[in-house]
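Have a look at the structure below, then the notes.
The values are calculated or read from the model by the stated rules, or taken from the named source; none is laboratory data. These numbers come from a predicted model, not from an experiment. All Cβ positions, glycine included, derive from the backbone under ideal geometry; neighbour counts span all protein chains shown.
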Amino acid sequence: MTSSAERLCGDCTLCCKVVAIEELGKPVNSWCGHCRPGRGCAIYVDRPAECESFSCLWLVNDLLGDQWKPDRSKLVLTTSEDGIEIRCDPGFPDAWRKEPFGSEIRAWAVSGESNDLTVLVIIGKRMILITPDQEFDVGLVGPDEQIVRELEGTKVVGAKVVKSCNVEC
Ligand code: SF4
Ligand code: SF4
């Protein structure tokens, strides 16, 4: 969707498929009608602000090697309020398990545990919380829902989906 000083999207357009764009009413995991997959955005100059401001982690963090480029890895990485989110191209739902990705994702979960950072794999609306020694597949998570972790110290021992209101109210 954009470019950094050091890296360019090039022929990658994967975020235009896996990310929802509110302004366009575009849901997750369907190509934006303005996207020319592998070529770019047909309305680049006039694209929504959401698109203009979006950068995946590969684009801005050169600690992620070229193997992580989304059109190669089939994974779009972003940060969240409390950690990292890994969105799979739905055509490749197990891409995150392949190496070297699976091992790196597990390593992030290990370092995240002591820093209270979550590592979340997202395949469409299905979410899987990754911890150092477990995967909590919590199933489909709606826009008005969130994942609540059960902790023993810093260790995650459970995870469930609740309505967001149940946490805030
Ligand atoms: S997923 Fe990343 S590299 Fe690919 S088009 Fe989007 S911002 Fe660019
Ligand atoms: S408007 Fe352009 S940049 Fe935004 S999702 Fe559609 S194709 Fe991608």
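Points worth noting:
- Some residue of region 54-69 being among the charged types (D, E, K, R), at negative phi, within 16 Å of ligand 2 (Cβ to nearest atom) and loosely packed, with under 13 Cβ neighbours inside 10 Å: no
Let's see how each residue does on (1) within 13 Å of the chain's Cα centre (by Cα); (2) modelled with pLDDT of 95 or more; (3) outside the structural domain of ARG39 (by TED's automatic domain parsing):
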{"site": "VAL60", "(1), (2), (3)": "no, yes, yes"}
{"site": "LEU64", "(1), (2), (3)": "no, yes, yes"}
{"site": "TRP68", "(1), (2), (3)": "yes, yes, yes"}
{"site": "THR78", "(1), (2), (3)": "yes, yes, yes"}
{"site": "ASP82", "(1), (2), (3)": "yes, no, yes"}
{"site": "ARG87", "(1), (2), (3)": "yes, yes, yes"}
{"site": "PRO90", "(1), (2), (3)": "yes, no, yes"}
{"site": "PRO93", "(1), (2), (3)": "yes, yes, yes"}
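- Out of ALA49, ALA42, sole residue that is touching a Lys or Arg at 6+ places or on another chain (Cβ under 7 Å) and among the small types (Gly, Ala, Ser): ALA42
- VAL76 being over 26 Å from GLU113 (Cα atoms), among the β-branched types (Val, Ile, Thr) and either within 9 Å of ligand 1 (Cβ to nearest atom) or not in a strand (DSSP E or B) (or both): no
- Test: residue in region 39-55 that is among the polar types (S, T, N, Q) and modelled with pLDDT under 95: no
- Counting only residues that are exposed (fewer than 14 other Cβ atoms within 10 Å of the Cβ) and not in a helix (DSSP H, G or I), region 99-132 holds 3 of them.
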